[in-house]
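Worksheet for the structure shown next.
None of the figures in this text is laboratory data; all of them are computed from the coordinates on show. This is a predicted model, so every value here is computed, not measured. Neighbour counts are summed over all protein chains in view; Cβ atoms, including those assigned to glycine, are modelled from backbone coordinates with ideal geometry.
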Amino acid sequence: IVSRKNQPDSTVIKVKDTLVGGKASIMVAGPCSVESYQQTREVGAALKEAGVPILRGGAFKPRTSPYDFQGLGIEGLQILKRVGDEFGLATISEIVDPRHLEEAIQYIDIIQIGARNMHNFELLKAAGETRTPVLLKRGLAATMEEFLHAAEYIVSRGNTQVMLIERGIRTYEKWTRNTLDISAVPILKKESHLPVLVDVTHSTGRKDILAPCAKAALAAGADGIMVEVHPNPAVALSDAQQQLNIPEFNKFMSEVKESGLFK
Ligand code: PEP
Ligand code: MN
């Protein structure tokens, strides 16, 4: 179903008043984790100001260590919705357990399925039973075929509103957190009709190369970009090293827009 052979026209997904996969490029931004109303609100206000339509923020965090901050859970989704409503932003958050889906979709406009759960077939099936748009992240070591099959798990259950996002893969390279596989963009655009985004933050883990990587993604045909923004990254409860502060985010936005690649 996700193959372009099956559907030559690109899928366009309507999220609130925003179209993903249409003529305009899309920016998704927000903190790694929702930590408090105040923290989320500061980012929401900055997004509104910058004209960014979709606010991200994790509430169920798939952390490497069980002793690290695990997220605020449903309360985090409620904060995200409150801020989204306040600024007219659509919201996206990762859901890790099929049992949370029904309640979660009361608060979020897009369900994120994270890299670690791309192979969680029961979660994919459950997301496929909803009619809420899904942002599916590429697994840490997933091939293009596995990625598209994961999307197929969702659409085959009737939820055709799936967006794909390249977020870097594991390689031997240590100077970036992951390796941004830019070739995934034109391949996915060619093989599938689904919108394709690139998460420049998790793929690089480096604030200093986000703008060139975003430009490369857009030049390669990406429909949108995801980036992490926090009011005070130094005290962030997750991914403190890689999040942009608000002035850095504004600079990033202008650099990407000035390139003329952000349509
Ligand atoms: C995230 O976007 O919050 C996240 C955890 O990313 P990934 O699943 O790509 O590691
Ligand atoms: Mn993160």
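Quick one: among Gln161, Gln106, Gln39, which has the greatest mean-square fluctuation in a GNM of the chain with alpha-carbon springs under 10 angstrom?
Looking only at Gln161, Gln106, Gln39, the largest GNM fluctuation is found for Gln106.
How high is the relative contact order of the range 13-258? Use alpha-carbon pairs under 8 Å, at least six apart in sequence, and give a whole percent.
Reported as a whole number, the value is 18 percent.
In the chain, with Lys and Arg counted as +1 and Asp and Glu as -1 at Cβ, which of these residues, Thr11, Gln106, Val43, has the Cα nearest the positive end of the dipole, that is, farthest along it?
Among Thr11, Gln106, Val43, the one farthest towards the positive end of the dipole of the chain is Thr11.
What are the residues whose amide H is under 5 Å from the amide H of Val229, where those residues sit 5 or more places off or on another chain and H is modelled from the backbone?
Amide H neighbours of Val229: Gly30, Cys32, Leu244.
Listing Ile74, Ile111 from the residue with the fewest other Cβ atoms within 10 Å to the one with the most, what is the order?
Ile74, Ile111
With a 10 Å Cβ neighbour count serving as the proxy for reagent exposure, in which order, fewest first, do Lys14, Lys189 appear?
Lowest count first: Lys14, Lys189.
So which lysines can Lys48 reach, going by Cα to Cα under 23 Å and dropping same-chain residues fewer than 8 places off?
Excluding near neighbours in sequence, the set is Lys14, Lys16, Lys23, Lys81, Lys207, Lys215, Lys251, Lys257, Lys263.
Report the extension gain between Lys263 and Glu103 in nm, rounded to one decimal, defined as 0.36 nm multiplied by the number of residues separating them, less their alpha carbon distance.
54.1 nm
Between Leu197, Val28, Ile95, whose Cα lies farthest towards the positive end of the dipole of the chain when Lys and Arg beta carbons carry +1 and Asp and Glu beta carbons carry -1, centred on the Cα centre?
With unit charges placed on the Cβ atoms, the residue in question is Leu197.
Taking the Cα centre of the range 1-131 as origin, work out the dipole magnitude from +1 charges on Lys and Arg Cβ and -1 charges on Asp and Glu Cβ, in debye rounded to 20.
The calculated dipole for the range 1-131 is roughly 460 debye.
Given +1 on the Cβ of Lys and Arg, -1 on the Cβ of Asp and Glu, and no further charges, what dipole in debye does the chain carry about its Cα centre, rounded to the nearest 20?
The calculated dipole for the chain is roughly 440 debye.
Taking H as built 1.01 Å from N, whose amide H comes closer than 5 Å to the amide H of Gly58, not counting residues under 5 places away?
Amide H to amide H, under 5 Å and 5 or more residues apart or across chains, Gly58 pairs with Ser33, Val34.
At 0.36 nm per residue, and after removing the present C-alpha to C-alpha distance, how many nm does the segment from Glu122 to Glu191 gain when stretched out fully?
Answer, rounded to one decimal: 22.4 nm.
For the range 41-57, what does the Karplus curve 6.51 cos²θ - 1.76 cosθ + 1.60, with θ = phi - 60°, yield as ³J(HN,Hα) per residue in whole Hz, taken in order and with x for Gly and Pro?
Result, ordered by residue: 5, 4, 6, x, 5, 5, 5, 4, 4, 8, x, 8, x, 10, 9, 9, x Hz.
Provide the percentage of antiparallel DSSP beta bridges, counting only those with both residues in the range 13-258; round to the nearest 5.
Given both bridge residues lie in the range 13-258, the antiparallel proportion sits at roughly 10 percent.
Step through the residues of the range 198-211 one at a time and calculate ³J(HN,Hα) from phi using the Karplus curve (6.51 cos²θ - 1.76 cosθ + 1.60, θ = phi - 60°), rounding each to whole Hz and writing x for Gly and Pro.
For the range 198-211, the Karplus-derived couplings read 10, 8, 6, 6, 6, 6, 9, x, 10, 5, 6, 10, 5, 5 Hz, x marking Gly and Pro.
Taking one equal scatterer on every alpha-carbon of the chain, how large is log10 of I(q)/I(0) by Debye at q = 0.12 1/Å?
So the normalised log intensities are -0.63.
Mean-square fluctuation check for the chain, GNM, Cα pairs under 10 Å: which of Ala141, Ala104, Ala151 is largest?
Ala141
Enumerate the amide H contacts of Thr91 below 5 Å, restricted to partners 5 or more residues apart or on another chain; note that Pro and chain-start residues carry no placed amide H.
Leu55, Asp109, Ile110
Considering only Arg157, Arg63, Arg138, give the residue with the highest GNM mean-square fluctuation for the chain, with springs between Cα atoms whenever their separation is below 10 Å.
Ranking Arg157, Arg63, Arg138 by mean-square fluctuation puts Arg63 first.
Tell me, what HN-Hα J-couplings in whole Hz come from the Karplus equation 6.51 cos²θ - 1.76 cosθ + 1.60 at θ = phi - 60° for each residue of the range 246-252, using x for Gly and Pro?
Working through the residues one at a time gives 5, x, 5, 5, 4, 5, 4 Hz.
Testing the spin-label approximation: label points 7 Å from Cα along Cα→Cβ at Thr171 and Ala234. State their distance in nm.
Label at Thr171, label at Ala234, 3.4 nm between them.
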